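Asker: I have a structure here, written as structure tokens, and I will follow up with some questions on it.
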Amino acid sequence: MTPQAILEGIKVLKVTELAELVKAIETEFGVSAAAAVMTAGPAAAAAPAAAEKTEFKVTLKVAGTEKLKVIKALRAACPELGLKEASDAFSNTPFVIRESAPKEEAEKIKKALEEAGSQVELS
């Protein structure tokens, strides 16, 4: 059996079957999948630290209690939103304000909305 054939067989397994397979391999060969992950951990962790994120998704998570202030801040942050759209965003959280905003703009939007009493997530 070739490694490729084994991989093709694994691809069709359900998650629960795959978990059982991992446990069986650990038991049969006296190894641990966690140990392999920990060995690769420090090397893998160093790479993402070098690349700083420059674009952020800005999401209104919790609108807060100050509806008027939040709507005003939303419209200032997103001039393309009309009054109805901003009101709908307030009522239907979570709401994505910007899909891909530069870091400075995302932080500015977050600060303005948090000052208005809402909670914003940058991801």
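Asker: Working only within the range 51-97, note down all residues that are part of a helix (DSSP H, G or I) and of a type in the set (Phe, Trp, Tyr).
Answerer: Hit for the range 51-97 is Phe90, nothing else.
Asker: Okay, moving on. Determine which member of the set Lys61, Lys72, Lys84, Lys67 is within 20 Å of Ala112 (Cα to Cα), modelled with pLDDT of 85 or more and touching a strand residue (DSSP E or B) at 6+ places or on another chain (Cβ under 6 Å).
Answerer: Values: Lys72 fails: touching a strand residue (DSSP E or B) at 6+ places or on another chain (Cβ under 6 Å); Lys84 fails: touching a strand residue (DSSP E or B) at 6+ places or on another chain (Cβ under 6 Å); Lys67 fails: touching a strand residue (DSSP E or B) at 6+ places or on another chain (Cβ under 6 Å).
Answer to the selection: Lys61.
Asker: Search the range 87-123 for residues being among the basic types (Lys, Arg) and over 18 Å from the mean Cα position of the chain (by Cα), and hand back the single one that is surrounded by the most Cβ atoms within 10 Å (Cβ to Cβ). Don't jump to the end; show me each part of the working.
Answerer: Step one: of the range 87-123, the residues among the basic types (Lys, Arg) are 98, 103, 108, 110-111.
Among the residues that remain, those that are also over 18 Å from the mean Cα position of the chain (by Cα) are: 108, 111.
On the way: Lys108: 15, Lys111: 13.
That would be Lys108.
Asker: Give Ala45, Ala34, Ala40, Ala5 a once-over and let me know the one that is part of a helix (DSSP H, G or I) and either on the phi > 0 side of the Ramachandran plot or modelled with pLDDT of 85 or more (or both).
Answerer: Among Ala45, Ala34, Ala40, Ala5, only Ala5 is part of a helix (DSSP H, G or I) and either on the phi > 0 side of the Ramachandran plot or modelled with pLDDT of 85 or more (or both).
Asker: For the range 98-123, give me the residue count where each residue is closer than 13 Å to Phe56 by Cβ and part of a strand (DSSP E or B).
Answerer: Selection size over the range 98-123: 8.
Asker: Please determine, by comparing only the residues of the range 81-123 that are of a type in the set (A, V, I, L, M, F, W, C) and without any contact (Cβ under 8 Å) to a residue 24 or more places away in the chain, which one is farthest from Lys53 (Cα to Cα). Break it down into steps so the answer makes sense when it comes.
Answerer: In the first step, residues of the range 81-123 are kept if they are of a type in the set (A, V, I, L, M, F, W, C); the result is 81, 83, 86, 89-90, 95-97, 101, 106, 109, 112-113, 116, 120, 122.
Those left that are additionally without any contact (Cβ under 8 Å) to a residue 24 or more places away in the chain: 81, 83, 86.
Details: Leu81: 26, Leu83: 32, Ala86: 28 Å.
This residue is Leu83.
Asker: In addition: Hey, could you check the range 61-86 for residues that are of a type in the set (D, E, K, R) and touching a Phe, Trp or Tyr at 6+ places or on another chain (Cβ under 9 Å) and say which is surrounded by the most Cβ atoms within 10 Å (Cβ to Cβ)?
Answerer: Lys67
The values are calculated or read from the model by the stated rules, or taken from the named source; none is laboratory data. This one's a predicted model, so the numbers in the text were calculated from it and none came from an experiment. When we count neighbours, we look across all protein chains shown, and the Cβ atoms used for this are built from the backbone with ideal geometry, even at glycine.
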